[in-house]
Structure formats: structure tokens, C-alpha cells
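Down below is the structure, laid out as C-alpha cells.
The values are calculated or read from the model by the stated rules, or taken from the named source; none is laboratory data. Quick caveat, the model's predicted, so the values are computed rather than measured. Glycine gets a Cβ as well: all are built from the backbone with ideal geometry, and neighbour counts include every protein chain shown. Calculation scope for accessible area: heavy atoms of the full protein, side chains included, ligands and nucleic acids excluded. Shrake-Rupley method; radii C 1.70, N 1.55, O 1.52, S 1.80 Å.
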Amino acid sequence: QVQLVESGGGLVQAGGSLRLSCVASGSIFNINLMGWYRQAPGKQRELVAVITSGGVTTYEDSVKGRFTISRDNAKNTVYLQMSSLKPEDTGDYYCYANHRPRTGVYWNDYWGQGTQVTVSS
């Protein structure tokens, strides 16, 4: 089992910045993708950004140029630096990891509990 714990959410004014962190712990063997999804009130959860173990990144179009995802494989930690925040970035941000155990052949998805980000106008 893998546990994901997020931190760094909060309330910020439009144009401000926040940095989210997520640490993976437990019986970790091989984490491929790590990343962030978000869910705004009344909307479906959507991808924000993901990063592979090799550092290849993918961003949702609306955050390109404003958000930067990074990862420390040695610490099993993924970060999301969010700048030029907009009210529409408000939501619960969930950490995600795709992991394969040492004795398994299948990859499993894990989610954190979420951290709230509120951007005021």
C-alpha cells in the first residue's frame, strides 16, 4: 500500500502563488506517474499536471505557463508551484501516484485526501 499526503493549500488572492507538496510513503517499489488533479465545486475531477519518473511533464491547457510540476524521486515527493493564480483555479487538489509493487505486474492508482486551494478575486 502507498499513502499520499498533501500539504500547502490555502487562501490566496488572485495573482498570488502557492506551492503544493505531496509525499508518498508505505511499501514503495516503483512509482511511474505522480501528479495533481483538482475538483472545483460542482465539477468533475480534472488533471492539472503529471510527471513521469524520468521528468516528462504534461499540463492541462489552462495552467500552462503558470504552474510548474516537479519531482524528487529520492524523496518520493511531487511539487506543484502555482503562480498567477486565478479564481477559476479554486478547488480541492488531489495528489496522484501510479505504483507497481515489487512482487506485482500491475500498476495501481493511489490518491491523497486532497488539499483545498481558494483564490479570491
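Structural remarks
- Verdict on Thr57 being surrounded by fewer than 18 Cβ atoms within 10 Å (Cβ to Cβ), modelled with pLDDT of 95 or more and farther than 14 Å from Val2 by Cα: yes
- Single residue of Leu11, Leu85 found to be open to solvent by less than 50 Å² (accessible area, probe 1.4 Å), touching a residue at least 40 places away in the same chain (Cβ under 8 Å) and of a type in the set (A, V, I, L, M, F, W, C): Leu85
- Any hit, the stretch 16-34, residues being farther than 14 Å from Tyr110 by Cα, assigned to a loop (DSSP other than H, G, I, E, B), in contact (Cβ under 8 Å) with a residue 12 or more places away in the chain and touching a strand residue (DSSP E or B) at 6+ places or on another chain (Cβ under 9 Å): yes
- Among strands (runs of 3 or more DSSP E) entirely within the stretch 59-116, having at least 2 residues that are in contact with a Ser or Thr (Cβ under 9 Å, 6 or more places away or on another chain) singles out 67-72, 77-82, 91-100.
- Scanning the stretch 32-58 for residues that are under 14 Å from the mean Cα position of the chain (by Cα), of a type in the set (A, V, I, L, M) and over 18 Å from Gln113 (Cα atoms) yields a single hit, Ile51.
- The stretch 83-97 - residue that is within 11 Å of the chain's Cα centre (by Cα) and of a type in the set (A, V, I, L, M, F, W, C) and, of those, nearest to Arg38 (Cα to Cα): Cys95
- Odd one out for Val78, checked against (1) modelled with pLDDT of 95 or more; (2) at negative phi; (3) open to solvent by less than 50 Å² (accessible area, probe 1.4 Å); (4) over 11 Å from the mean Cα position of the chain (by Cα): (4)
- Count of the stretch 14-31 residues which are touching a Gly at 6+ places or on another chain (Cβ under 9 Å), open to solvent by less than 70 Å² (accessible area, probe 1.4 Å) and not aliphatic (A, V, I, L, M): 2
- Remark: pairs (first residue in the stretch 99-111, more than 18 Å from Val23 (Cβ to Cβ) and open to solvent by 60 Å² or more (accessible area, probe 1.4 Å); second residue assigned to a loop (DSSP other than H, G, I, E, B) and among the charged types (D, E, K, R); Cβ separation under 7 Å; 6+ apart in sequence or on different chains) are absent.
- The stretch 32-54 - residue that is of a type in the set (D, E, K, R) and in contact with a Phe, Trp or Tyr (Cβ under 7 Å, 6 or more places away or on another chain) and, of those, most open to solvent (accessible area, probe 1.4 Å): Arg45
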